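Novice: What follows is a structure written as structure tokens; I'll ask about it next.
The values are calculated or read from the model by the stated rules, or taken from the named source; none is laboratory data. Just so you know, these numbers come straight off a predicted model, no measurement behind them. Every residue, glycine as well, gets a Cβ built from its backbone with ideal geometry; the counts of neighbours run over all protein chains shown.
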Amino acid sequence: MDRPKPEVADVLRRYGEAYRQKHDVTLSTAQRRVMSAIEVCRTAALGGHTEQCDQCGHQRVWYNSCRDRHCPKCQSLARAAWIEDRQTELLDCQYFHVVFTLPEEIAAIAFQNKEVVYGILFRAAAETLSTIAADPKHLGAQIGFFAVLHTWGQNLLHHPHLHCVVSGGGISPHGDRWISCRPGFFLPVRVLSRLFRRLFLKFLEKAFNSGKLRFFSSLQTLHDRQVFLHHLAPVRKQEWVVYAKRPFAGPQQVLDYVGRYTHRVAISNHRLIDIDDGQVQFRWKDYRDNHQQKTMSLSADEFIRRFLLHVLPEGFQRIRYYGFLGNRHRQKKLERCRQLLEMDDQALCAAEPLLDYRDRYEALTGSSLRECPVCHKGSMIPVEVMANPDKRPPIRDTS
């Protein structure tokens, strides 16, 4: 018999309590909550329901999901719902994928000041894209884009960066025409990089001056202004990494591709290989070694530590929208974009939303949750609801 595939939840169930006891003082409330949520996900602890086939009588039990945004099991349906919502926002234009990455010296500060510095990362990247695109020397238009925060590398170490999906064109200043990028070319990367660096450091220094940054452990000396400025001096001269990938093949590929990014967590269950003798083994891609697929083995303690590095502050929005996709005027400006692009009525029609999770599951996997898995003739009908013993409300995905 094949051994069941290991999951992040198995690591936390087996070694989580020991980790809590060892690191009790340093664990945040958010990290504790994430650990607890993943440990009980799809177990009797969260309640569930029993279904029975109306033909053969076969029964099965479904336990509820934790719905935490850091849980590897709970992202597929959330991603499907997000993609449905984005379908009607696709325009008949080029789309580009732009990545903004923080230098290591800044990443260390970001880890100790997640909410403030991650917020600065969003703001600096958004202002960079909007400013350069609005400049008549480059495009001279208001573009639309959304940004997704990732804080990890393949080895689970802290590596904050922002994935932005940007329209390859935008609305002219007077709103009377659509201005397209050159085919296959978005905006000059070096110009983006240098403005991003300048804006980010300006906002970071402003946050320091207003007392919003906190430092401890190896960074404690940065409380002194001169030490802080000396720490930043080298990165003021570096070329910051801003990477504009080649344009997507078409609007639909945007969602197919970016859907992988929007609801990704630090590590997915399919990358885990084994959990044994206090060690966790997983696959990773070494980008510095020609993208080679490798295997890494970490102690359970170190694996949990790295996983928890990427727990976001409570309520922090990890997906944000800008330009003509900004929430306030999104529908009105999208309608204007469609008019300027002369998109046909068929393109404007919204797909019928899949409101039921079973419909989304079937669309994702091709398998039906309604059909009996034994006789394949009957339908599975709910016959009993199992209450949540802890009476804890489900955790909302606040992306």
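Novice: If only one of 293, 253 is of a type in the set (S, T, N, Q) and in a helix (DSSP H, G or I), which one is it?
Specialist: 253
Novice: Something else: Taking the options 258, 235, 242, name whichever one is touching a Pro at 6+ places or on another chain (Cβ under 9 Å), closer than 26 Å to residue 306 by Cα and either among the β-branched types (Val, Ile, Thr) or modelled with pLDDT of 95 or more (or both).
Specialist: Values: 258 fails: touching a Pro at 6+ places or on another chain (Cβ under 9 Å); 242 fails: touching a Pro at 6+ places or on another chain (Cβ under 9 Å).
Testing whether each residue is touching a Pro at 6+ places or on another chain (Cβ under 9 Å), closer than 26 Å to residue 306 by Cα and either among the β-branched types (Val, Ile, Thr) or modelled with pLDDT of 95 or more (or both) leaves just 235.
Novice: Please tell me if residue 393 is over 26 Å from residue 111 (Cβ atoms), modelled with pLDDT of 80 or more and in a loop (DSSP other than H, G, I, E, B).
Specialist: So residue 393 fails the test.
Novice: Scanning segment 263-280 for residues that are under 19 Å from the mean Cα position of the chain (by Cα) and assigned to a loop (DSSP other than H, G, I, E, B), which turns out modelled with the lowest pLDDT?
Specialist: Taking segment 263-280 and keeping what is under 19 Å from the mean Cα position of the chain (by Cα), we get 263-271.
Still in the list and also assigned to a loop (DSSP other than H, G, I, E, B): 263-268.
Values: 263: 79, 264: 82, 265: 89, 266: 91, 267: 93, 268: 91.
Ranking the candidates gives 263 first.
Novice: At least 1 residues that are surrounded by fewer than 19 Cβ atoms within 10 Å (Cβ to Cβ) in each: list the strands (runs of 3 or more DSSP E) lying fully within segment 154-199 that qualify.
Specialist: Strands (runs of 3 or more DSSP E) meeting the threshold: 158-167, 178-180.
Novice: Let me ask you something else. Under 7 Å by Cβ, and 6 or more places apart or on different chains, what pairs join a residue from segment 370-388 that is assigned to a loop (DSSP other than H, G, I, E, B) with one that is acidic (Asp, Glu) and surrounded by 11 or more Cβ atoms within 10 Å (Cβ to Cβ)?
Specialist: 378/54
Novice: For segment 77-91, does any single residue satisfy the condition of being in contact with a Gly (Cβ under 7 Å, 6 or more places away or on another chain), modelled with pLDDT of 95 or more and over 22 Å from residue 159 (Cβ atoms)? Walk me through how you get there before you give the answer.
Specialist: To start, the set of residues in segment 77-91 that are in contact with a Gly (Cβ under 7 Å, 6 or more places away or on another chain) comprises 79, 83.
Adding the requirement that they be modelled with pLDDT of 95 or more leaves none.
The answer is no; no qualifying residue exists.
Novice: Here are the criteria: (1) touching a Pro at 6+ places or on another chain (Cβ under 6 Å); (2) surrounded by fewer than 14 Cβ atoms within 10 Å (Cβ to Cβ). Tell me which single one residue 218 does not satisfy.
Specialist: Of the numbered conditions (1) touching a Pro at 6+ places or on another chain (Cβ under 6 Å); (2) surrounded by fewer than 14 Cβ atoms within 10 Å (Cβ to Cβ), the odd one out for residue 218 is (1).
Novice: Residues 283, 288: which one is in contact (Cβ under 8 Å) with a residue 12 or more places away in the chain and either assigned to a loop (DSSP other than H, G, I, E, B) or surrounded by fewer than 19 Cβ atoms within 10 Å (Cβ to Cβ) (or both)?
Specialist: None of the others qualify; the one that does is 283.
Novice: Checking the conditions here, which among 303, 307, 316 is outside any loop (DSSP other than H, G, I, E, B), under 19 Å from the mean Cα position of the chain (by Cα) and under 21 Å from residue 111 (Cα atoms)?
Specialist: None of the others qualify; the one that does is 307.
Novice: Just checking, does segment 104-121 include any residue being outside any helix (DSSP H, G or I) and either closer than 17 Å to residue 165 by Cβ or among the hydroxyl-bearing types (Ser, Thr, Tyr) (or both)? Let's see the steps before the verdict.
Specialist: Step one: list which residues in segment 104-121 are outside any helix (DSSP H, G or I), which gives 113.
Now drop any that are not either closer than 17 Å to residue 165 by Cβ or among the hydroxyl-bearing types (Ser, Thr, Tyr) (or both), which leaves none.
There is no residue in segment 104-121 that is outside any helix (DSSP H, G or I) and either closer than 17 Å to residue 165 by Cβ or among the hydroxyl-bearing types (Ser, Thr, Tyr) (or both).
Novice: May I pose another question? Any residue at all in segment 92-103 that is in a strand (DSSP E or B), touching a residue at least 40 places away in the same chain (Cβ under 8 Å), more than 30 Å from residue 359 (Cβ to Cβ) and over 20 Å from the mean Cα position of the chain (by Cα)? Steps first, please.
Specialist: Of the residues in segment 92-103, the ones in a strand (DSSP E or B) are 95-101.
Next, from what is left, pick out any that are touching a residue at least 40 places away in the same chain (Cβ under 8 Å): 95-101.
From what's left, more than 30 Å from residue 359 (Cβ to Cβ): 96, 98-101.
The next check asks that each one be over 20 Å from the mean Cα position of the chain (by Cα); those that pass are none.
The answer is no, given that none of the residues of segment 92-103 is in a strand (DSSP E or B), touching a residue at least 40 places away in the same chain (Cβ under 8 Å), more than 30 Å from residue 359 (Cβ to Cβ) and over 20 Å from the mean Cα position of the chain (by Cα).
Novice: Does residue 61 satisfy the criteria of being among the aliphatic types (A, V, I, L, M), loosely packed, with under 13 Cβ neighbours inside 10 Å, in contact (Cβ under 8 Å) with a residue 12 or more places away in the chain and not in a loop (DSSP other than H, G, I, E, B)?
Specialist: Answer is yes for this residue.
Novice: Restricting the search to segment 64-81, which residues are of a type in the set (Gly, Ala, Ser), crowded, with 18+ Cβ neighbours inside 10 Å and more than 21 Å from residue 307 (Cα to Cα)?
Specialist: Result: 80, single match.
Novice: Conditions first: (1) among the hydroxyl-bearing types (Ser, Thr, Tyr); (2) out of contact with any helix residue (DSSP H, G or I) (no Cβ under 8 Å at 6 or more places or on another chain); (3) part of a helix (DSSP H, G or I). Residue 26 passes all but one, so which condition is the exception?
Specialist: It fails just one condition, (3).
Novice: Being of a type outside the set (A, V, I, L, M), touching a residue at least 40 places away in the same chain (Cβ under 8 Å) and in a helix (DSSP H, G or I) is the filter here; which residues of segment 203-216 pass it?
Specialist: Selection gives 203 alone.
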